[in-house]
Amino acid sequence: MSKNFLDAAKKGQNDWWRYLLGVFLIVFSYWYIGSFTSGIVATILFWASSAVNGNEISNSPSELQNQLEIYLQASQTRYFVIYSIPVFCAWLGIFITINWLHKRKIKTLISADSSFTFQRLISGFLVWLIILIAFTGVDYLIQPQVYSWSFDLAQWLPLFPLVLVLTPIQTSAEEFLYRGYLLQGLGLLSRQRLVLIIVTSFLFALPHLANPEMQRGEIWVALQYFSWGVFFSAITLKDNRLELSLGAHAANNIFAFLLVNTKDSVIPTPAVLTINDPGDPRVGLVVFWVMIAIFYYFFFGRRKQHSS
């Protein structure tokens with residue numbers, strides 16, 4: 001673990017234009033190829049379902065779009081799978097960018113020596129999951145009225161394996177892009193960690209600003225998305241590798257999809273509990289800072305105490 005995480009960018013071809021092209025390839029793969037592919041898959045499933053059930057398909061483009069949206073929203077599991085398709089296209093863009101454009105091993109986005117520590121990933125996953133369960137449990141005891149029982153076994157069971165498989169793929173794509181590719185690439189321009197954390201966290205927050213959760217309070221929710229980026233970038237640089245961030249990010253999304261989701265979530269799922277009123281976003285932001293401080297202390301604060 002002695003090799004500097006940022007030094008991985010010095011391997012292979014790292015000209016500035018390669019990073020511009022690489023970012024374009026990844027974004028294009030996700031937003032355009034991914035959206036097109038998910039649209040095609042959704043349309044094929046809709047046509048097949050309509051043919052089997054004998055449902056009439058409208059000739060009007062606007063009506064057809066409405067029928068397609070109704071079809072997707074009728075099953076949260078179906079919606080979750082369709083929503084996940086662009087992630088595979090993003091992974092295709094990442095592999096092409098790293099292997100072909102930069103001529104590097106994809107594992108150099110995890111650590112400078114291309115090693116991968118599964119135990120570190122599981123540690124990050126479990127610690128963040130325990131923190132989530134503890135804070136959610138306390139919140140439930142304080143204000144149980146904001147929670148509602150939304151568990152639907154018929155929908156939850158088929159969703160369960162899909163979430164366990166697809167969610168880590170989705171969160172890992174984000175981590176490999178923001179905390180791997182971009183963080184290391186920007187490290188070629190500056191070694192100031194605070195600058196790197198701020199820039200990558202800003203870039204991470206940008207695409208999340210279109211989420212419906214922003215209606216809770218634009219500034220404070222945007223700050224929370226930015227804080228997520230700070231959290232993941234900080235622990236990646238501190239640990240000198242990506243596994244903690246990979247584990248914590250996956251744990252957070254799996255917890256939301258399967259156990260406790262919010263009514264205004266960008267991806268609605270039949271979680272066990274639904275938060276109908278997330279409350280004051282300023283309070284949520286402060287609570288989140290406390291949670292990440294606990295996580296950070298668990299992995300790095302105790303290490304400092306033991307060394308002293």
Exercise. Is it true that some residue in segment 97-117 is touching a helix residue (DSSP H, G or I) at 6+ places or on another chain (Cβ under 9 Å), in a helix (DSSP H, G or I), open to solvent by less than 20 Å² (accessible area, probe 1.4 Å) and more than 30 Å from L20 (Cα to Cα)?
Worked result: no
Problem set entry | Among the candidates L183, L141, L196, L162, residue that is over 27 Å from F116 (Cβ atoms) and part of a helix (DSSP H, G or I) | L141
Exercise. Residues in segment 201-220: is at least one crowded, with 17+ Cβ neighbours inside 10 Å, in a helix (DSSP H, G or I) and polar (S, T, N, Q)?
Worked result: yes
For this session: Sort out which residues of segment 181-219 are among the hydroxyl-bearing types (S, T, Y) and without any contact (Cβ under 8 Å) to a residue 24 or more places away in the chain, and write them in order of number.
Result: S190
Seminar exercise, completed: Within segment 225-256, of all residues that are buried (at least 22 other Cβ atoms within 10 Å of the Cβ) and not hydrophobic (A, V, I, L, M, F, W, C), the one farthest from the chain's Cα centre (by Cα) is R241
Seminar exercise, completed: Only one of (1) assigned to a loop (DSSP other than H, G, I, E, B); (2) within 22 Å of the chain's Cα centre (by Cα); (3) of a type in the set (V, I, T) does not apply to T136, and that is (1)
Exercise. Cβ-Cβ below 8 Å, separation at least six or inter-chain, first residue in segment 139-166 and in contact (Cβ under 8 Å) with a residue 24 or more places away in the chain, second of a type in the set (D, E): which pairs?
Worked result: V146/D277
For this session: Please enumerate the residues belonging to segment 69-81 that are surrounded by 14 or more Cβ atoms within 10 Å (Cβ to Cβ) and either in contact with a Leu (Cβ under 7 Å, 6 or more places away or on another chain) or of a type outside the set (G, A, S) (or both).
Result: Y71, L72, Q76, T77, R78, Y79, F80, V81
Exercise. Looking only at segment 51-70, which residues are part of a helix (DSSP H, G or I) and either more than 20 Å from I82 (Cα to Cα) or without any contact (Cβ under 8 Å) to a residue 12 or more places away in the chain (or both)?
Worked result: A51, V52, N53, P61, S62, E63, L64, Q65, N66, E69, I70
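Residues are listed down the side, and each one gets a yes or a no for (1) surrounded by 12 or more Cβ atoms within 10 Å (Cβ to Cβ); (2) of a type in the set (S, T, N, Q):
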{"residue": "K3", "(1), (2)": "yes, no"}
{"residue": "D7", "(1), (2)": "yes, no"}
{"residue": "W16", "(1), (2)": "no, no"}
{"residue": "F24", "(1), (2)": "yes, no"}
{"residue": "F28", "(1), (2)": "yes, no"}
{"residue": "S50", "(1), (2)": "yes, yes"}
Exercise. Condition test on R191, is it part of a loop (DSSP other than H, G, I, E, B) and crowded, with 21+ Cβ neighbours inside 10 Å?
Worked result: no
Exercise. Are any of the residues in segment 132-151 in contact with a helix residue (DSSP H, G or I) (Cβ under 8 Å, 6 or more places away or on another chain), closer than 14 Å to A250 by Cβ and open to solvent by less than 50 Å² (accessible area, probe 1.4 Å)?
Worked result: yes
Exercise. Is it true that V272 is farther than 30 Å from L6 by Cβ, surrounded by fewer than 16 Cβ atoms within 10 Å (Cβ to Cβ) and of a type outside the set (K, R)?
Worked result: yes
For this session: Considering only segment 52-68, state which residues are open to solvent by less than 70 Å² (accessible area, probe 1.4 Å) and either among the hydrophobic types (A, V, I, L, M, F, W, C) or over 33 Å from the mean Cα position of the chain (by Cα) (or both).
Result: G54, I57, S58, S60, L64, L68
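The values are calculated or read from the model by the stated rules, or taken from the named source; none is laboratory data. These numbers come from a predicted model, not from an experiment. Because the Cβ atoms are built from the backbone with ideal geometry, glycine has one as well, and the counts that use them run over all protein chains shown. Heads up: the accessible areas ignore ligands, DNA and RNA and are worked out on the full protein's heavy atoms, side chains in. Shrake-Rupley method; radii C 1.70, N 1.55, O 1.52, S 1.80 Å.
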